[in-house]
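We did not get these values from a lab; they are worked out from the coordinates using the rules stated. Source: prediction; values computed, not measured. Here the Cβ positions follow ideal geometry from the backbone for every residue, glycine too, while neighbour counts run over all protein chains shown.
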Amino acid sequence: MNTKLNGTFGKFGGTYLPEGLAAILNELAEKYAELKASQAFQEELKELYKNYAGRPSLLYFAERLTAELGGAKIYLKREDLNHTGAHKINNVIGQGLVAKALGKKKLIAETGAGQHGVATATIAAYLNMDCDIYMGVRDINAQKPNVYRMKSLGARVVPVSDGQGTLKDAVDVALVNYAQDSVNSYYLLGSAVGPHPYPTMVRDFQQIIGEEIKEQILAKEGKLPQAVIACAGGGSNALGAFTAFIPDENVELVSVEPAGLGAETGKHGLALGTGKADTIHGYKTLVLQDDEGNIKESYSAASGLDYPGISPILSMLKENGRLTLGEATDKEAVDALLNLSRLEGIIPALETAHAVAYLFQAHGKYQNPDQVVVINLSGRGDKDVENVFENLL
């Protein structure tokens, strides 16, 4: 096994992979460092953010939600309005350009809720590349609309029945297939997880969210928010919203994890809340463990949060005391999805609804009308409504 100090975040991150695959990722890290410093690359990225993804996304004052809860003014960062309906497009545009610069012909990706799969299939179509999306069979059944969207875009959706048939298993199989075809393929990882340089790349491509929030809230309110709230499965939308505010110590950063059927049941995804440091998928982070110290199966009704690990960057921020940890059960998330839909006419993704649920739980913390709270509305809920009404109510 090969361990690199590059891409470490405190005691987390790094590269824990066989030498051959580690060498491929070292090459990727060098190429990304070169592109990151390239003005032409940055200009192409910004042009696609604006004219393809539809950035900047809106910062919306949720007037009825604010009145319902009382106290702080609540704003929603409308990543659900991006092309493909989620924050995922920010990252796939960036990594798609990296893959193009490397001369790759095919994109390989994993997906849970399907939003990353749709976004990857979208950028593959735009760049005229082949595309294989690995997806757990349980998630395929729960996220049929996104499966059809991926297929419509020309991607091959590969069912994964190993293990629980969820996101972790899809990552496992996708990595194996990438290792077999790394000369022609690029592995486009969807969250701020995995070995170096993926957490760094995904954070960098998503941090536009928080940069826009800061500029927009200062224009609207003349001050920074009391809190920025985001759901966390792998951590890409949370880091997207948080990164610009990390130096602003008066801004609370609230990372809301899936409590599933309840923390006491063991059926949850509370890696930050209950996890221990271990390696998973080629990097070190906080992960769920059983009594024997093995990686434990996670659970969430929200496919995109059903992962036993978390971004090593969020693990570091938790260890440093910079994060406030929140959690929401499946039921609380479903209730929040319906409440926001009926109060504001905005249907959030079930993943995103965990962040909304936290605000319903903790609104007593934010009772000052002079305070401002921002929720990163990371995705829209079109993909979830069938599953919610057929299986979760």
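To the nearest ten degrees, helix 88-101 and the longest principal axis of the Cα atoms of the chain are 20 degrees apart. Residues considered: Gly240, Gly20, Gly381. Largest GNM mean-square fluctuation over the chain, using C-alpha springs under 10 Å, is found at Gly20. For Lys151, the lysines whose Cα falls under 17 Å of its own Cα, not counting residues fewer than eight places away in the same chain, are Lys106, Lys383.
Compute, for region 267-393, the length of the dipole vector about the Cα centre, with Cβ point charges of +1 (Lys, Arg) and -1 (Asp, Glu) only. Units Debye, rounded to 20. Before the final figure, lay out the partial values.
Details: 11 positive and 18 negative charges, 84 e Å.
The calculation lands at about 400 debye.
Normalised by the number of residues in region 296-393, the mean separation of alpha-carbon contacts (under 8 Å, six or more apart) gives a relative contact order of 25 percent. A cut-off of 5 Å between modelled amide H atoms, ignoring neighbours fewer than 5 places along the same chain, links Glu110 with Tyr134, Gly190. Compared with the alpha-carbon gap, the fully stretched path from Asn177 to Gln361 is longer by 62.0 nm at 0.36 nm per residue.
Taking the beta-carbon count within 10 Å as an exposure proxy, list Leu102, Leu76, Leu167, Leu97 from fewest neighbours to most.
Working: Leu102 13, Leu76 25, Leu167 32, Leu97 18.
In increasing order of surrounding Cβ atoms, one gets Leu102, Leu97, Leu76, Leu167.
Ranking of Cys131, Cys231 by neighbouring Cβ atoms within 10 Å, starting from the fewest: Cys131, Cys231. Values of log10 I(q)/I(0) for region 238-310 across q = 0.11 Å⁻¹ run -0.31, by the Debye formula with one identical scatterer at each alpha carbon and no solvent. For region 336-393, averaging the sequence separation of C-alpha pairs within contact (under 8 Å, six or more residues apart) and dividing by the residue count gives a relative contact order of 39 percent. Given an 8 Å cut-off on Cα distances and at least 6 residues of separation, report the relative contact order of the chain as a percent. That works out to 20 percent. Beta bridges from DSSP with both residues in the chain: antiparallel share about 35 percent, rounded to the nearest 5.
Full-extension gain between Leu102 and Asp278, please, as 0.36 nm times their residue separation minus the C-alpha to C-alpha distance. Can you show the working numbers first?
Working: separation 176, 0.36 × 176 = 63.36 nm, distance 3.14 nm.
Length difference between fully extended and current span is 60.2 nm.
As a proxy for reagent exposure, ranking Ile24, Ile346, Ile213 by other Cβ atoms within 10 Å from fewest up yields Ile24, Ile346, Ile213. Straight-line cross-link reach from Lys36 at under 13 Å between alpha-carbon atoms covers these aspartates and glutamates, not counting any fewer than eight positions away in the same chain: Glu44, Asp204. Comparing Pro145, Pro225, Pro369 in a Gaussian network model of the chain (Cα springs below 10 Å), the most mobile by mean-square fluctuation is Pro369.
Sorting 349-356, 323-330 by average packing, meaning the other beta carbons within 10 Å per residue, from highest down gives 349-356, 323-330. Given Cβ point charges of +1 (Lys, Arg) and -1 (Asp, Glu) and nothing else, what value in debye, to the nearest 20, does the dipole of region 156-251 about its Cα centre take? Its charge dipole is roughly 100 debye. In this calculation the C-beta distance from Glu390 to Arg342 is compared with R0 = 22 Å, giving a FRET efficiency of 0.70.
For the chain, the 222 nm mean residue ellipticity estimated from helices alone, with every DSSP H stretch of n ≥ 4 adding -39500 (n - 2.57) and the total spread over all residues, rounds to -12500 deg cm²/dmol.
Within the same chain, lysines fewer than 8 places from Lys296 are excluded, and of the rest, those with a Cα less than 16 Å from its Cα are Lys168, Lys267, Lys276, Lys284.
Between Lys11 and Lys50, the simple label model (points 7 Å from Cα in the Cβ direction) yields a spacing of 4.6 nm.
Exceeding 32 Å between C-alpha atoms, which entries from my cross-link table qualify? They are Lys77/Lys104; Lys31/Lys88; Lys100/Lys318; Lys88/Lys220; Lys77/Lys318; Lys105/Lys331.
Values: Lys77/Lys104 34 Å; Lys31/Lys88 22 Å; Lys100/Lys318 35 Å; Lys88/Lys220 26 Å; Lys77/Lys318 23 Å; Lys105/Lys331 43 Å.
Checking Cα-Cα distances, Lys77/Lys104; Lys100/Lys318; Lys105/Lys331 exceed 32 Å.
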